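See structure below.
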Amino acid sequence: MLMLTHEARLAALREELKRRGLDGFIVPISDEHMSEYVGDYAQRLAWLTGFGGSAGFAAVTLTHAAIFVDGRYTVQVREQVDGNLFEYRSIPGDTLAGWLTAVSEPGARIAYDPWLHTLAWAEALERALSAHGLALVAAEGNPLDAVWADRPAPSPAAATPYDEALAGRSSADKRAGVADWLAKEGLDAVVIPALDSVAWLLNIRGSDVARTPVALSYVVAHKDGSAELFIAPEKVTPELTRHLGNAVTIRDRAAFEGALGCAFAGKKVALDPDFAVAGIALALKAGGASFAFRQDPTILAKAIKNPAEQQGHRDAQARDGAAVTKFLRWLEINAPSGEVDELGAAAKLAAFRAEDAGLADLSFDTISAAAGHAALPHYKVDEESNIPIPPSSIYLVDSGGQYPGGTTDITRTVWVGPGEPTQEMRDRNTRVLKGHIQIARAVFPQGTAGGQLDVLARQYLWEAGVDYAHGTGHGVGSFLSVHEGPQRIAKPNGGQAGTAAELHAGMILSNEPGYYKPGAFGIRIENLVLVEERVIAGGEGRYLGFETLTFVPLDRKLIDKALLTAEEIAWVDAYHAKVREILSPRLAGEDLAWLERETAPL
């Protein structure tokens, strides 16, 4: 039945393409804001193909279709997408332009939705296709939407003011900072489409995207410190209007494209090339405006947390740590029976978090991974993939919560009894821990980029001839996105954005080295850290280090003490003492006794 559904949808899209005189169409996982996570209304790839991953795209012509994913989803795409309908293509090895050229006749017109792709992407594809006699055209209205009869409407939920005591700065102060930047750059205005940037600049939050507290909207900020918020009228409350004040004009989101086409003639407007879709640039150009590509001026300011945001995050971590600790004790008692499965464990962890009335949402879908599934860094459990957690195995759980003061993200890897982990498991876990400690203890001069620290986390794995294929750390927002730029800790030559971004005091990052043995087990240890200034006696220049923010016990059964130096043992003991200090007031009875046992000195 599922196959017939997707077969019918593919056929309907092809009929719509024929009706429009088009020969092909590209279907990404994207929205008008280039968001990492998108609302149900924008899940076009899942609707067309059945693919449930978070990255990938499809290309459809009148005679061929293919789905393109990276190595993370090689197994998943074959489980979820019918290979009789869509060819499986692997990126970066297979290119979209190469595939379209191979399956299309010269003169073919390949369409894309300019509100789902950046201008740079469109221009690069246009050059590649035109070299082979194909034309790339911007569709007027998305042809897939025309045949998606039961497409969900965008969320109508109201946008809400965000408490200035938690934000630490007023929106007026933030807008003044943007105005100063515009004056310095010689620009009249900046279009801000990134949803977390809109939320940060105006001190508002929403519930339009699962796991990320943002409201679907755009902002145009002007050089006089005023701004226009384009948002659906049903999302606007009297409270929001009062909060925004007279300097922010509220306009209908549906009027955004038209406003770009008529209100900026002769003006110079800043666009972030990573977040401003081609449709924005094309509308400005058609209206007689010029635009300059610059990084969104809120991105760096948003990444550098002020003291109120830092304290809000510490409070969120204490609340979250208590919930995760209760879960780990529950897991230790119940999982060895073999009757707890991955979905059940994730649900139980969510229930412990939900005991805190301040929890707004999870910060992402929990990675609840047993046995061989733990070897898939981005594993997403569902009804089809769900397995019982086997006794005598490793279980990995990567999860987080959205609290009013901060966004959490933590991974713990634990041994599920009975019995003892193998020496290989303990060796690999301890090497991951040693790398984690090196990042946590790092001291580095101002001006250092995250990419320069990455080797610290990998060195002990490299000594054993192993590595991990993901970054070591990503930025995290303040009651916003769990993945935030520009900062990142990853291999400098890995092609990952942000590795060259300078680290500044106030930035929050994850510290999450790992190891993955395909089909057998996976290990990751993740805490969040805050970049802080370090005063070094006799030192020259400004230096930085990390304050650890996440406090939950590490699994002692997976630590080989013989592999740790005296300094590393001291770090683990000091970390566990701090865990005990922070969480003891939030736990009682058997939970508290378990915490005290698990945080005793090594």
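The values are calculated or read from the model by the stated rules, or taken from the named source; none is laboratory data. Since the structure is predicted, the reported quantities are computational estimates derived from the model, not experimental observations. As a convention, Cβ positions derive from the backbone with ideal geometry for all residues, glycine included, and neighbour counts pool all protein chains shown. Accessible surface is based on the protein model in full, side chains and every heavy atom, while ligands, DNA and RNA are left aside. Shrake-Rupley method; radii C 1.70, N 1.55, O 1.52, S 1.80 Å.
Brief remarks on what is shown
- Spin-label pair Glu164-Ile569: with each label point 7 Å from Cα along the Cα-Cβ axis, the two points sit 5.4 nm from one another.
- Inter-label distance for Ala347 and Ala210, nm, one decimal - labels placed 7 Å from Cα along Cα-to-Cβ: 1.6 nm
- Region 1-118 shape via C-alpha gyration tensor axes, a/c threshold 1.5: rounded
- Its Cα centre serving as origin, the chain has a Cβ charge dipole (Lys and Arg +1, Asp and Glu -1) of approximately 740 debye.
- Judged by the gyration tensor of its Cα atoms, with axes a ≥ b ≥ c, region 408-553 is prolate; a/c meets the 1.5 cut and a/b is the larger of a/b and b/c.
- A simple spin-label model places pseudo-atoms 7 Å from Cα toward Cβ; at Ala537 and Ala254 they are separated by 6.9 nm.
- Stretching Ala55 away from Ala588 to a fully extended chain increases their span by 187.6 nm, per 0.36 nm per residue minus the current alpha-carbon distance.
- Between region 548-579 and region 246-305, the Cα center-to-center distance that results, in Å: 48 Å
- Computed from the Cβ-Cβ distance with R0 of 22 Å, the FRET efficiency linking Thr5 to Tyr41 stands at 0.70.
- Most positive-pole-ward Cα, Tyr516, Leu554, Gly471, against dipole of region 451-602 from beta carbon charges: Tyr516
- Over region 283-336, accessible surface divided per residue gives 36 Å², non-protein components excluded, 1.4 Å probe.
- Listed residue (Gln295, Pro388, Gly133) projecting farthest to the positive dipole end of the chain, Cβ model: Gln295
- Helix-derived mean residue ellipticity, 222 nm - over the chain, DSSP H n ≥ 4, -39500 (n - 2.57), to 500: -10500 deg cm²/dmol
- Accessible carbon and sulfur surface of the chain relative to its total accessible area, %, 1.4 Å: 53 percent
- Calculated FRET value between Glu185 and Val466, using beta carbons and R₀ = 35 Å, to 0.05: 0.15
- In Å, descending, principal axis extents of the Cα set of the chain: 69, 57, 46
- Principal-axis analysis of the Cα atoms of the chain puts helix 589-598 at an angle of about 80° to the longest axis.
- Segment Gln459-Ala360, extension gain: residue separation times 0.36 nm, minus the distance between their alpha carbons: 31.8 nm
- For region 1-82, the residue among His6, His33, Phe68 whose Cα projects farthest onto the positive side of the dipole built from Cβ charges is His6.
- The residues of region 12-107 present an accessible area of 41 Å² per residue when probed at 1.4 Å with all protein chains retained.
- Gain upon complete extension [Asn334, Asp224; 0.36 nm per residue less C-alpha separation]: 33.6 nm
- Over region 461-602, accessible surface divided per residue gives 41 Å², non-protein components excluded, 1.4 Å probe.
- The spacing between region 59-103 and region 379-423, judged by their C-alpha centroids, is 31 Å.
- Long pairs among Lys326/Lys491; Lys326/Lys517; Lys305/Lys380; Lys434/Lys557; Lys491/Lys578, criterion Cα-Cα beyond 24 Å: Lys326/Lys491; Lys326/Lys517; Lys305/Lys380; Lys491/Lys578
- Relative contact order, percent, the chain [alpha-carbon distance under 8 Å, six or more residues apart]: 10 percent
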